[in-house]
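These notes are about the structure you will find just below.
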Amino acid sequence: MRRAGHVLALVAATVVATLLLGRLGLPSPALFAGLAAGLVDALLSRRAVRLPPLAGTAGQAVVGVTIGTLVQLSTLSALGAHWLPVLGVTVGTLLLSLGTGWLLGRHRDVDAVTGAFALVAGGASGLVVIARQLGADERVVAVVQYVRVLLVVLSLPLVLNVVFGVRASGSVAAGDQDWAVGVGLVVVCGLAGPWLGRRAHLPAHTLLGPLLLAAAASLTGLTGGAQVPDLLQQVAYALIGLQIGLRFTRASLATVARVLPAALALIVVGVLGSAGLGVALSRVSGLPALDTYLATTPGGLYAVLAAAVGSGADATFVLSVQVLRLLVMLLAAPVLARLLAGRGRPAGQG
């Protein structure tokens, strides 16, 4: 009974924190809330709580399906004649991420794989999910990734107002959600995706298997435009956040604290570098600078889309570039992990 009460209190704390963070407009509030609740519990509780492995796997599958449904022909076709410079900018973002990640990997508390994953620009939730599976310290990756997302989201209104002279207002309409179809999509892709991914020897198959299967279904029109219900997404993010937070120790928290100043400086470099790539894309393609800036902004996908809608930018183009980068980053992650494995110095993980 005591253990059941402990678990219920942890769930209640996560739900309350999710609602509060959601009211503040923070991205992925359930993941933040789960991470914070799990961290506090891990540091203060005498008896450690561990989530069942199946809970983490289910959360990863839901996130994979959520990302996969973003891949639609109507979205990617918005790239049109600009696909080549957009691809070049995407590769440039990847190289920029690797450069800043390599510098972070020089820190005495961070290995090369963790440094790279922590500063990859795009797909924060997906990268956090697969970080541990690919040899990175997911605690450092989670904190640094979401510090980047927070910095981008909080600075976005200021940049739009000061640099572009526009005020972003409004939000992305959720539209009518068919829960039955959305849940069915999660069940089918969530069960078949990991199995197919394992059979195909796909790295991080619990995320990438459902992601690729859902993307294939979306591109062929089999999903009918269905999306994963928001409540199901939030539960998945909460499970992932709790899974990471509960693994914290005082030593690992001290490690994150030592790494954060260097990481924050490199995040600023990455954000400014991404803005530079946006300027380059505008000059090469002739597209408005506002569109290319939002398209290359490294993080906070839904906040960026809301800003695009509210500022009058081409939201479809912005989404297409953001989705393309997200896919490239997630699919490149396993390859990067293999290349970097064994090259970094051992990190001081708790």
| said: How many angstrom lie between the Cα centre of the range 43-89 and the Cα centre of the range 148-165? | reply: 24 Å
| query | What do you get when you divide the Cα radius of gyration of the chain by 2.2 N^0.38 Å, with N the number of residues? | reply | 0.96
| task | Provide, in order from the shortest bin, the percent of all Cα-Cα pairs of the range 273-320 in each 5 Å bin, continuing until the bin that contains the maximum pair distance. | result | 5, 27, 34, 24, 9, 1
| task | Kindly rank 154-160, 300-306 from highest to lowest mean number of other beta carbons found within 10 Å of each residue. | result | 300-306, 154-160
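Could you tell me what % of all Cα pairs in the range 196-249 have separations over 19 Å?
Details: 700 of 1431 pairs.
That tail contains 49 percent of the Cα-Cα pairs.
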| message | Under the 0.36 nm per residue contour assumption, what length would be gained going from the current alpha-carbon distance of L54 and L150 to full extension? | response | 31.6 nm
| Largest-first principal axis extents, alpha carbons of the range 218-269, Å | 48, 30, 15
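Between R199 and L87, what is the FRET efficiency for a Förster distance of 25 Å, r being their Cβ-Cβ separation, to the nearest 0.05? Write down the numbers at each step before the final one.
Numbers: r = 30 Å, r/R0 = 1.21.
So, using R0 = 25 Å, E works out to roughly 0.25.
The numbers here are math on the coordinates, done by the rules we state, and not lab data. Since this is a predicted model, take the numbers as computed values, not measurements. Here the Cβ is made from the backbone with ideal geometry for all residues, glycine too, and neighbour counts use every protein chain on show.
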